[in-house]
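Structure, as structure tokens:
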Amino acid sequence: MTLKTYTHSPKSGKAPASMVILLHGLGANGADLIGLARYWEHALPDTIFVSPDAPFPCDMAPVGFQWFSLQEWTPESILKGVEEAAPVLNAYIDDMLKQYNIAPDKLALAGFSQGAMMSLYVGPRRMPKIAGVLGYSGALVGAESLGGDKIQKIPVHLVHGDVDMVVPLTAYHMAKQALESNGFEVGGGITRGLSHSIDEDGIEAGAAFLHRVLS
């Protein structure tokens, strides 16, 4: 499956030495997050940013795309959706790494909402190990399998608003606890007064995290 991709080339003008794949939320498209590259390129001048459309038309809006359906907001339904979308995302990651000749340890996934759920599921299960995952306003799916011997304990940075009415703050606490209890290094935190969105502080913290794991 070919995913339409929005691309932001390295600010340095050189061949990319690292890559950030941006994964959008429900009902959006790849254009929704590619603008973050303009804020991050100064910290990551040799990084290429790519942002694909999710593979499926959104079933809750007349426009936009989704990684999986959220018509049924149950743990079982969400896990099934993530598991079905994961091979599509993994194939996309493989294609991007090959196309730009990027080593897996120079790849970071950055996702918002549903895109963060996909990042947090796929990232630790990638072989070889990737550089890390940056998740905004997301949730951890498949926490019960994080103790498996094929799980990669990559750095994770989570940012969540305390007035998020779409993905409750409890999702942040549950993700942090599950990841840390399974040996992951988890950074980030809770932003006071932030709803289901990304603010300037979160963007700056994301830049610092990506610079650290990709440098």
Scan segment 121-141 and give yes if some residue there is assigned to a strand (DSSP E or B), aromatic (Phe, Trp, Tyr) and touching a Ser or Thr at 6+ places or on another chain (Cβ under 9 Å), otherwise no.
-> yes
State all residues of segment 23-39 that are over 14 Å from Lys11 (Cβ atoms) and of a type in the set (Gly, Ala, Ser); if no residue qualifies, say none.
-> Gly25, Gly27, Ala28, Gly30, Ala31, Gly35
With respect to the numbered conditions (1) closer than 20 Å to Pro124 by Cα; (2) surrounded by fewer than 20 Cβ atoms within 10 Å (Cβ to Cβ), which one is the sole condition not fulfilled by Pro62?
-> (1)
Which residues, counting only those in segment 32-62, are more than 18 Å from Ile93 (Cα to Cα) and assigned to a loop (DSSP other than H, G, I, E, B)?
-> Gly35, Glu41, His42, Ala43, Leu44, Pro45, Asp46, Cys58, Asp59, Met60, Ala61, Pro62
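For every residue, the table says whether it meets (1) touching a residue at least 40 places away in the same chain (Cβ under 8 Å); (2) exposed (fewer than 15 other Cβ atoms within 10 Å of the Cβ).
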site: Leu109; (1), (2): yes, no
site: Ile130; (1), (2): no, no
site: Gly135; (1), (2): yes, no
site: Glu144; (1), (2): no, yes
site: Val156; (1), (2): no, no
site: Ala205; (1), (2): yes, no
Filter pass, Val163 being farther than 20 Å from Ala108 by Cα and either touching a Leu at 6+ places or on another chain (Cβ under 6 Å) or outside any helix (DSSP H, G or I) (or both) = yes
Go through the residues of segment 19-26 one by one and say whether even a single one is crowded, with 23+ Cβ neighbours inside 10 Å, of a type in the set (Gly, Ala, Ser) and touching a helix residue (DSSP H, G or I) at 6+ places or on another chain (Cβ under 8 Å).
-> yes
So which of Gln99, Gln114, Gln66 is modelled with pLDDT of 95 or more, in contact with a Phe, Trp or Tyr (Cβ under 6 Å, 6 or more places away or on another chain) and farther than 26 Å from Asn182 by Cα?
-> Gln66
So how many residues does segment 173-200 have that are in a helix (DSSP H, G or I) and touching a residue at least 24 places away in the same chain (Cβ under 8 Å)?
-> 4
Search result, residues across segment 84-123 that are of a type in the set (Gly, Ala, Ser) and under 13 Å from Ile21 (Cβ atoms) | Ala91, Ala108, Ala110, Gly111, Gly115, Ala116, Ser119, Gly123
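The values are calculated or read from the model by the stated rules, or taken from the named source; none is laboratory data. These numbers come from a predicted model, not from an experiment. Counting neighbours? That spans all protein chains shown, and the Cβs are built from the backbone with ideal geometry, glycine included.
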